[in-house]
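Step one of this worksheet: look at the structure below.
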Amino acid sequence: METKIVLKDSEIPKTWYNILSDLPNPPAPVLHPGTGKPITPDDLLPLFPMSLIEQEVSTQRFIPIPDEVRKVYALWRPTPMYRAKRLEAAIGTRSRIYYKYEGTSPAGSHKPNTSIPQAYYNKMAGRKRIATETGAGQWGSALALAASFFGLEAKVYMVKVSYRQKPYRRMLMEAYGASVVPSPSGDTQSGRNILAGDPDSPGSLGIAISEAVEDAATREDTSYALGSVLNHVLLHQTVIGLECQKQMKKAGDYPDVVIACCGGGSNLAGIGFPFLRDKIAGSKDPRVIAVEPASCPTLTKGVYAYDFGDTARLTPLVKMYTLGHDFVPAGIHAGGLRYHGDSPLVSQLCHEGLIEAQAYPQTVVFQSSLAFAKSEGILPAPESSHAIHSAIVEAKRADEEGKEKAILFNLSGHGFFDLAAYDDFLAGRLVDHEHPESKIREALDRLPKMEG
């Protein structure tokens, strides 16, 4: 069998898969941050164009991808899937390990799968400018790219610790024409409030979201764009899993285990949701695993409750696994996984037992990442490395049980802009952060008090 499993250009998916149509139970309503009542489309119009709001609440199983979006996708899609035979040999496993490589996009990750349609729909709605946040810079780079393709301005609030750790990502965003500031910044009231209380704040995704939402809500020409968490974002990412299903068929195989790192959930949804459709229907029974850092253990140690998506409590209340909206995790190198909450859809599926979650400290993750780089030749993003580590753990566990499994993971981006993290690891400067239970309890004590 070939190591590289490719699709033809004509096999780029023509639709996105919407798991809302197949959920065993309806999702919990999204609540207005001021009234506590279910939000309406009109409540979201200051932030998003109606086309994206419609996708957010749609229960249509397959949603057509606009031709203009597919034409841009064709710059890098379909992405290749590989049988990781050299990694299998390096770790001595009998299991078959496959990975979908999303680092072939111009921005170097899976994020353009949603930044392109978001920019397209905003352009069609007459918006001139987009404000967003970014952790490690993968999403900011993708949005800057999409904005340049569709002639939009982009303002990116980049989490301060990542802004300092990853200057080349900031440079890439600026090369695409975006304006980038470290968050918390002095450009918004929410940023100024944070700085007043903690001038040395490392920032967090929750803080950066507050700044971007405030920016968009106070300007009529501006939309807000989010790179994960929301239903329409997860929807757009399903091109990954839909392609994987065709590629696994070409390989004459089907995954027993599907793995992705999980910060907000778009990466996991992208590869996992199409396979979950088979699981929900009962035709197959793949395990779908979300992998997160031990320093930000949302699914593994958070609570399933209503919470704000941002620190300043500007966003609607959603039911999700959360560590508390003002939780600020350690400044680990996997900046894209430093989010206090999770996608409501991923959270619901985890709560109902359809997906499972694992958490690992960053030093063992980097060890697995380098084992992968030395065997397969691709240097992974620190975020993606969590999926690699889980795949190796699962393969070794199968060997111990005397089983041979097909394991598929999403290599969601390359690590070429993350060399400082690898330098820190190789020099012994990288340490593990197990966030204290007491700090998590404190943050959870400040969850919004809901009636009932």
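Tell me which residues, restricted to segment 410-430, are assigned to a loop (DSSP other than H, G, I, E, B), modelled with pLDDT of 90 or more and of a type in the set (A, V, I, L, M).
A427
Name the residues in segment 100-158 that are within 18 Å of the chain's Cα centre (by Cα) and at positive phi, would you?
Listed by number, the residues that qualify are G108, G137.
Just a yes or no: is a residue in segment 346-362 surrounded by fewer than 24 Cβ atoms within 10 Å (Cβ to Cβ), modelled with pLDDT of 95 or more and within 22 Å of Y163 (Cβ to Cβ)?
no
Can you name the condition, by its number, that E11 falls short on among (1) loosely packed, with under 12 Cβ neighbours inside 10 Å; (2) modelled with pLDDT of 95 or more; (3) not hydrophobic (A, V, I, L, M, F, W, C)?
The one condition E11 does not meet is (1).
Can you tell me which of T35, T15, T93 is touching an Asp or Glu at 6+ places or on another chain (Cβ under 6 Å) and β-branched (V, I, T)? Walk me through it before giving the result.
Details: T35 fails: touching an Asp or Glu at 6+ places or on another chain (Cβ under 6 Å); T15 fails: touching an Asp or Glu at 6+ places or on another chain (Cβ under 6 Å).
Just one listed residue meets the conditions, T93.
Sort through L52, L87 and tell me the only one that's under 30 Å from E400 (Cβ atoms) and either outside any loop (DSSP other than H, G, I, E, B) or modelled with pLDDT of 95 or more (or both). Quick ask: steps written out before the conclusion?
On the way: L52 fails: under 30 Å from E400 (Cβ atoms).
One residue alone meets the criteria, L87.
Only one residue in I392, I407 is part of a strand (DSSP E or B) and of a type in the set (V, I, T). Which one? Full working, then the answer.
Details: I392 fails: part of a strand (DSSP E or B).
Sole residue among the options that is part of a strand (DSSP E or B) and of a type in the set (V, I, T): I407.
Would you tally the residues in segment 238-282 being over 16 Å from P80 (Cα atoms) and β-branched (V, I, T)?
4
Quickly run through segment 30-49 and pick out the residues that are out of contact with any helix residue (DSSP H, G or I) (no Cβ under 9 Å at 6 or more places or on another chain), surrounded by 15 or more Cβ atoms within 10 Å (Cβ to Cβ) and in a loop (DSSP other than H, G, I, E, B).
The answer is P33, I39.
Return the residues of segment 147-162 that are in a helix (DSSP H, G or I) and touching a residue at least 40 places away in the same chain (Cβ under 8 Å); say none if nothing qualifies. Spell out how you get there, then give the answer.
Looking only at segment 147-162, we keep the residues that are in a helix (DSSP H, G or I), and these are 147-149, 160-162.
Of everything in segment 147-162, those that are in a helix (DSSP H, G or I) and touching a residue at least 40 places away in the same chain (Cβ under 8 Å) turn out to be F149, K160, V161, S162.
Going by the conditions given, is K319 out of contact with any strand residue (DSSP E or B) (no Cβ under 7 Å at 6 or more places or on another chain) and either under 30 Å from K403 (Cβ atoms) or at pLDDT 95 or above (or both)? Step through it out loud before you land on a result.
Working: out of contact with any strand residue (DSSP E or B) (no Cβ under 7 Å at 6 or more places or on another chain): no; either under 30 Å from K403 (Cβ atoms) or at pLDDT 95 or above (or both): yes.
So K319 does not fit the description; no.
Only one of T104, T114 is of a type in the set (V, I, T) and assigned to a helix (DSSP H, G or I). Can you tell me which? Walk me through it before giving the result.
Details: T104 fails: assigned to a helix (DSSP H, G or I).
After ruling out the rest, the residue left standing is T114.
Would you call S58 crowded, with 17+ Cβ neighbours inside 10 Å and among the polar types (S, T, N, Q)? Quick ask: steps written out before the conclusion?
Values: crowded, with 17+ Cβ neighbours inside 10 Å: no; among the polar types (S, T, N, Q): yes.
Spelling it out, it is not the case that S58 is crowded, with 17+ Cβ neighbours inside 10 Å and among the polar types (S, T, N, Q).
How many of the residues making up segment 173-221 are more than 23 Å from the chain's Cα centre (by Cα) and in contact (Cβ under 8 Å) with a residue 40 or more places away in the chain?
7
Conditions tested, residue by residue: (1) buried (at least 24 other Cβ atoms within 10 Å of the Cβ); (2) within 24 Å of L276 (Cβ to Cβ); (3) touching a helix residue (DSSP H, G or I) at 6+ places or on another chain (Cβ under 9 Å); (4) not assigned by TED's automatic domain parsing to the domain that holds I97.
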{"residue": "S375", "(1), (2), (3), (4)": "no, no, yes, no"}
{"residue": "I378", "(1), (2), (3), (4)": "no, no, yes, no"}
{"residue": "P382", "(1), (2), (3), (4)": "yes, no, yes, no"}
{"residue": "H386", "(1), (2), (3), (4)": "yes, yes, yes, no"}
{"residue": "E394", "(1), (2), (3), (4)": "no, yes, no, no"}
{"residue": "A398", "(1), (2), (3), (4)": "no, yes, no, no"}
{"residue": "K403", "(1), (2), (3), (4)": "no, yes, yes, no"}
{"residue": "I407", "(1), (2), (3), (4)": "yes, yes, yes, no"}
{"residue": "N410", "(1), (2), (3), (4)": "yes, yes, yes, no"}
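Pairs, please: C-beta under 6 Å, at least 6 apart or cross-chain, first residue more than 12 Å from L52 (Cβ to Cβ) and in segment 118-133, second part of a strand (DSSP E or B) and at pLDDT 95 or above?
Hits for this filter: R129/E153; R129/T222; A131/K155; A131/T222; A131/Y224; T132/V156; E133/Y157.
Test each condition in (1) in a helix (DSSP H, G or I); (2) out of contact with any Gly (no Cβ under 9 Å at 6 or more places or on another chain); (3) in the same structural domain as H414 (by TED's automatic domain parsing) for Y82 and report the one that comes out false.
(1)
Kindly establish whether L205 is modelled with pLDDT under 95 and at negative phi.
Numbers: modelled with pLDDT under 95: yes; at negative phi: yes.
It is true that L205 is modelled with pLDDT under 95 and at negative phi.
Could you give every pair whose Cβ atoms fall below 6 Å, whose first residue belongs to segment 312-330 and is under 18 Å from G197 (Cα atoms), and whose second residue is modelled with pLDDT of 80 or more and part of a strand (DSSP E or B), counting only separations of at least 6 or pairs across chains?
Close Cβ pairs satisfying both conditions: H325/D307; H325/F308.
Go through P24, P13 for me and flag whichever is in a loop (DSSP other than H, G, I, E, B), outside the structural domain of S343 (by TED's automatic domain parsing), within 26 Å of P112 (Cβ to Cβ) and touching a residue at least 60 places away in the same chain (Cβ under 8 Å). Even if it seems obvious, please write down each step before you answer.
On the way: P24 fails: within 26 Å of P112 (Cβ to Cβ).
It is P13.
Within segment 122-149, which residues are surrounded by fewer than 24 Cβ atoms within 10 Å (Cβ to Cβ) and out of contact with any Gly (no Cβ under 6 Å at 6 or more places or on another chain)? Can you show your working first?
Start the filter on segment 122-149 by keeping residues that are surrounded by fewer than 24 Cβ atoms within 10 Å (Cβ to Cβ), which leaves 123-129, 148-149.
Scanning segment 122-149 gives K123, M124, A125, G126, R127, K128, R129, F149.
The values are calculated or read from the model by the stated rules, or taken from the named source; none is laboratory data. Computed from a predicted model, the values in this text were never measured in an experiment. Neighbour counts are summed over all protein chains in view; Cβ atoms, including those assigned to glycine, are modelled from backbone coordinates with ideal geometry.
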